[in-house]
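Input: a single structure, listed below in structure tokens.
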Amino acid sequence: MAKQTMFSLTSLHANPDKQLNGLQASPKLRSLSEQVHQSLLTFATDDKVNILIDVGWDPALSSSLDHILALAPEIDLILLTHASINHVGAYAYLCKISPAFAAIPTYSTLPVINMSRIVTLDYYRSVGLLGPLMNEKVTLFDVEAAFDNVLPLKYSQSTHLQDKLDGFIITPYNAGHTLGGTLWKIQRDQESILYAVDWNHSRDSHLNGAFLQSNGKILDALTKPSIMICGSKVSERPATLKRRKENLFANIKETIRRGGSVLIPTSSGSRVLELCHILDSFWEDNKISAPLVYFSHVGYRTLSYASSMLEWMSSAVIDEWEIHNNSPFDTKHLKVYSDLDELAKLDGPKVVLASGEALEAGFSRGLFTKMCDGNNSLVILTERAGGADSLNGHLYSLWNDNNGPSDGAVQLTTQMLVDYNEEVKLQGEELLDYTELIREEKRKKEIQTAIDLRNKNILEEEDDEDNESSDDDEDEMVLSGQLNTGILIYGQGVYDYDARPDSNNSATAAAAGTTGDAKHNTKPKMFPFVSKRRRVDDYGEVIKSDQFSTKAKDKEDLLLVAGGAPGGKGAHDDTTIQDAKVGEKRQWGDVDHRSSVTGDALSNGVANGRNQPGRGKNSNDRNENDNKADFDSDESLRLDSFSAIAVPKKIIPDHKQVKVLCQVDFIDFEGLTDERSMKMILPLVQPRQLVFLNNNGMQSHDSTSTSTFDRDGLIEYLQTKKIEFIHTLPNVNESGTGARIDIKLGGSNIYKVEISSELEKLLKWQKIIGDYSVAHVTGKLKSKHATPTTTPEPVAKKEEDGAIKSEGSDVKTETNDVKAEGDAVKPEAATPEVASTKPAPASNKYEPLLLVPLETAREVALAPRTNPILVGDIKLAELKRKLFRQFGLRSEFGAEGILVIFVAGTRTPKLAIRKLGEGNIVVEGVGVDEDFYKVKSFIRSMLASV
């Protein structure tokens with residue numbers, strides 16, 4: 001049936017009058033939430049489908065998330081675009097507090113998954129949501145588990161969704177803004193939506209650009225979408241990468257020469273990689289002695305992850321690794337610290353990178369209060385984040401207002417009231433209470449871990465009947481408290497256990513509530529292990545028949561996990577299409593990418609450096625990498641409340657008046673496209689409809705804008721480039737439910753035709769060049785709500801890989817016209833005739849049309865007739881070989897690819913065969929003789945006539 005879909009885009013926003021803790025929200029919090037990305041795409045199909053793209057949070061992690069929790073039962077899919085706090089900040093927290101949200105299938109690229117762990121851990125630890133703190137709300141395990149459940153995809157890897165999302169295809173493409181950053185293409189039938197928020201077309205020192213191929217043309221897969229959703233945030237101060245690097249280096253050298261220090265706030269897990277790469281190389285080339293440090297709770301882990309994912313970066317990074325035999329992110333000069341007290345130990349001039357680009361969380365805010373009172377100090381802003389009311393926005397406004405025609409550093413002389421969090425070690429009764437709380441939580445965790453491990457073994461083991469009955473008895477005792485050997489085996493800090501039989505230990509039996517019957521458990525407690533007999537083949541491999549099944553078995557239904565990931569061969573150019581049932585366990589032969597996503601497994605793999613690009617290959621490099629691996633492990637342990645090296649602390653909110661006497665400069669390293677480039681690229685993309693999001697984030701609550709981006713002017717320009725339907729989201733309503741816009745999809749009627757099995761048996765297939773066969777079919781369309789009429793249809797069928805199917809797929813044709821000069825033979829174009837049907841009444845359930853055989857002689861007589869259609873394509877090189885083999889005609893390729901046939905035994909040209917295009921071949925000759933007609937007939941015989 002013909003289909004039209006209503007599409008709705010809602011830019012979600014928290015209630016502007018409510019904080020996370022339920023208190024009244026301040027105007028500053030409203031400003032901080034302006035750059036948060038939470039886009040809900042709604043497709044009003046037969047079953048309403050909701051796709052949430054990005055689950056961002058404000059830089060202070062303080063805005064309410066109740067609006068997402070309320071929508072969680074209705075969300076069918078989540079897609080993540082970038083590893084930044086305004087794109088993924090709330091994901092792990094929502095997975096912790098809402099089981100319904102945690103169960104939603106989520107897709108992203110592998111770098112976004114890994115770097116999102118970094119961003120989440122760093123920010124959560126900074127604001128007190130995570131770590132060895134009194135009021136910890138999220139644990140290290142919760143964050144790791146949340147991102148372990150995200151399904152990884154490669155660039156250009158298309159994935160067919162099933163169940164409720166049947167018919168939807170999602171494909172990620174490079175966005176160029178962050179490592180693994182994604183432009184999402186969502187397809188359904190003939191309609192496609194391109195979600196392009198925060199993208200960069202130009203190359204950075206470590207990333208490739210978006211949209212453009214190496215030849216400067218737009219990727220064909222990204223052109224002509226039905227709807228393109230584009231962000232409004234662009235680079236405010238566009239300049240070449242070389243110019244920006246020169247300005248950065250000049251400022252740093254001048255500040256160090258004066259004896260001052262430089263503070264560079266940056267986003268952990270994303271844009272910090274660009275700064276680490278260029279600054280460490282600058283230190284190496286110029287032999288600078290001043291310390292270069294990076295303050296972050298997970299700094300070593302950030303660099304380790306980056307070293308393990310070089311294939312996602314630009315070719316320049318790969319070349320650098322091949323030349324120096326070491327990863328560019330195995331830094332020689334950059335040192336990582338995770339304690340603010342370490343700053344006092346760094347005497348003299350220094351350059352400090354600090355997590356927290358908005359200066360609202362992370363180390364950047366605390367370091368600013370310590371460094372801003374120095375006349376020779378310099379704060380370099382590389383990103384515009386957090387809105388105009390954030391500390392970043394305030395410093396940018398001061399720099400912008402006091403800057404002249406030429407950009408440069410501005411000397412500040414002012415005072416600011418800065419609120420911050422001060423961490424204090426627990427002591428006395430607070431420490432005892434915290435220790436007791438952790439001990440109890442640790443014991444509960446160990447008991448649950450022991451039970452989970454035991455249950456896992458039960459599911460995996462294939463035991464005989466005796467072992468199964470024995471295990472059943474043991475399981476009952478574990479659950480009833482009679483047998484806690486799992487704690488002894490898997491627990492930590494457990495060294496003693498009463499292993500005497502119950503018949504000899506009445507106290508134990510009484511405590512367990514049993515009679516002490518020794519026959520109740522025939523397996524000794526001292527050695528509870530029982531050797532398991534496994535069924536293996538001749539090569540020692542375990543045979544499990546359910547892995548070879550094409551359909552899910554009952555046992556597999558019990559083992560469903562949200563961890564399956566479509567496979568793929570390349571990180572950037574894999575165009576394999578996978579049928580990925582959401583949350584389904586993969587069948588035998590599918591590639592498992594989950595092991596590379598798991599936090600501990602990946603961290604260990606990176607630390608070991610085995611078979612990983614970017615790891616040093618000599619002994620000194622290996623020792624250095626081993627030391628970094630130890631620091632990486634220590635970072636994670638310091639964030640784990642159950643770790644022995646974690647230092648219990650509490651966070652005390654405080655504020656103070658600080659003198660700001662430092663210099664401030666802005667050098668754009670945010671990695672975004674500029675307005676001029678957007679004017680050039682968007683017309684080449686040619687979207688039918690264009691939607692701009694209100695997410696530039698540079699407009700304060702009092703509507704005083706500091707942004708130079710002229711969106712209205714851009715819209716007027718694009719309308720002159722034949723992009724007529726351009727929409728902008730309205731302002732956020734007072735209730736905080738978000739800004740919404742409704743768009744009608746489906747400008748043309750779309751029909752789905754299936755060939756019945758009875759008709760398929762009657763088809764006579766003709767093989768053409770390649771792996772294709774074609775057949776001519778005449779049948780009638782049947783539908784519950786339409787009157788069938790006859791129609792001839794050319795059908796193409798793929799023989800081997802099944803790319804084009806005869807049943808259940810759309811009809812496809814290929815044509816090839818043959819023309820002879822002087823005696824033109826040009827069949828009619830292959831234009832399939834579409835059956836005419838009476839208009840069908842509206843139906844809530846889409847039903848495809850069915851093509852069935854003609855049943856009566858009257859139907860056959862009334863069926864329309866068409867001239868034969870020549871289908872196929874001819875390669876001149878293959879034609880050259882066959883002409884010599886069949887007729888002994890010698891030929892050669894001349895200028896412009898013309899195939900020249902000579903007179904027998906001479907070099908005199910006789911015939912010329914030119915291919916003007918696909919399906920258009922011209923045969924020319926000096927006079928018309930027998931060979932002319934032989935060649936023409938032979939060419940026609942290479943095509944299928946249907």
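The values are calculated or read from the model by the stated rules, or taken from the named source; none is laboratory data. Computed from a prediction, not measured in an experiment: that's the story for all the values here. As a convention, Cβ positions derive from the backbone with ideal geometry for all residues, glycine included, and neighbour counts pool all protein chains shown. Heavy atoms of the whole protein, side chains included, go into the accessibility calculation; ligands, DNA and RNA do not. Shrake-Rupley method; radii C 1.70, N 1.55, O 1.52, S 1.80 Å.
Data overview
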| item | result |
| --- | --- |
| Qualifying positions in region 57-77 - open to solvent by less than 10 Å² (accessible area, probe 1.4 Å) and under 14 Å from Thr10 (Cα atoms) | Ile68 |
| Residues that are surrounded by fewer than 24 Cβ atoms within 10 Å (Cβ to Cβ) and of a type in the set (S, T, N, Q), drawn from region 107-149 | Asn135, Thr139, Asn149 |
| Odd one out for Leu693 among (1) open to solvent by 70 Å² or more (accessible area, probe 1.4 Å); (2) of a type outside the set (Gly, Ala, Ser); (3) modelled with pLDDT of 85 or more | (1) |
| Residues of region 410-430 that turn out to be assigned to a loop (DSSP other than H, G, I, E, B) and either open to solvent by 50 Å² or more (accessible area, probe 1.4 Å) or closer than 17 Å to Lys370 by Cβ (or both), as a count | 3 |
| Selection status of Leu303, modelled with pLDDT of 90 or more and touching a helix residue (DSSP H, G or I) at 6+ places or on another chain (Cβ under 6 Å) | no |
| Pairs with Cβ under 8 Å, 6+ apart, first in region 679-696 and among the aromatic types (Phe, Trp, Tyr), second at pLDDT below 90 and outside any helix (DSSP H, G or I) | Phe692/Gly231; Phe692/Ser232; Phe692/Ile726; Phe692/His727; Phe692/Thr728; Phe692/Leu729 |
| Checking Leu367 against (1) at pLDDT 90 or above; (2) open to solvent by 10 Å² or more (accessible area, probe 1.4 Å); (3) in contact with a Phe, Trp or Tyr (Cβ under 8 Å, 6 or more places away or on another chain); (4) not in a loop (DSSP other than H, G, I, E, B), the condition it does not meet | (2) |
| Residue match in region 82-103 (condition: in contact with a strand residue (DSSP E or B) (Cβ under 6 Å, 6 or more places away or on another chain) and closer than 27 Å to Ala385 by Cβ) | no |
| Number of the condition not met by Asp389 [criteria: (1) farther than 24 Å from Tyr294 by Cα; (2) open to solvent by less than 40 Å² (accessible area, probe 1.4 Å)] | (2) |
| Unique match (being at positive phi, open to solvent by 70 Å² or more (accessible area, probe 1.4 Å) and either of a type outside the set (Ser, Thr, Tyr) or out of contact with any strand residue (DSSP E or B) (no Cβ under 8 Å at 6 or more places or on another chain) (or both)) among Glu855, Glu892, Glu896 | Glu896 |
| Output for region 282-307, where each listed residue is assigned to a helix (DSSP H, G or I), open to solvent by 10 Å² or more (accessible area, probe 1.4 Å) and under 24 Å from Asp122 (Cβ atoms) | Tyr300, Leu303, Ser304 |
| Qualifying residue in region 862-870 (condition: open to solvent by 50 Å² or more (accessible area, probe 1.4 Å), within 30 Å of Lys780 (Cβ to Cβ) and among the hydrophobic types (A, V, I, L, M, F, W, C)) | yes |
| Residues that are out of contact with any Leu (no Cβ under 9 Å at 6 or more places or on another chain) and either open to solvent by 10 Å² or more (accessible area, probe 1.4 Å) or of a type in the set (Asp, Glu) (or both), drawn from region 262-281 | His277, Ser281 |
| Positions within region 214-231 being under 21 Å from the mean Cα position of the chain (by Cα) and assigned to a loop (DSSP other than H, G, I, E, B), in sequence order | Leu219, Thr223, Pro225, Gly231 |
| Pair list, Cβ under 6 Å, 6 or more apart: region 253-268 residue on the phi > 0 side of the Ramachandran plot, other residue surrounded by 15 or more Cβ atoms within 10 Å (Cβ to Cβ) and not β-branched (Val, Ile, Thr) | Gly259/Pro349; Gly259/Asn376 |
| Filter pass, Ile218 being among the aliphatic types (A, V, I, L, M) and either surrounded by fewer than 20 Cβ atoms within 10 Å (Cβ to Cβ) or free of Cβ contacts under 8 Å to residues at least 40 places away in the same chain (or both) | yes |
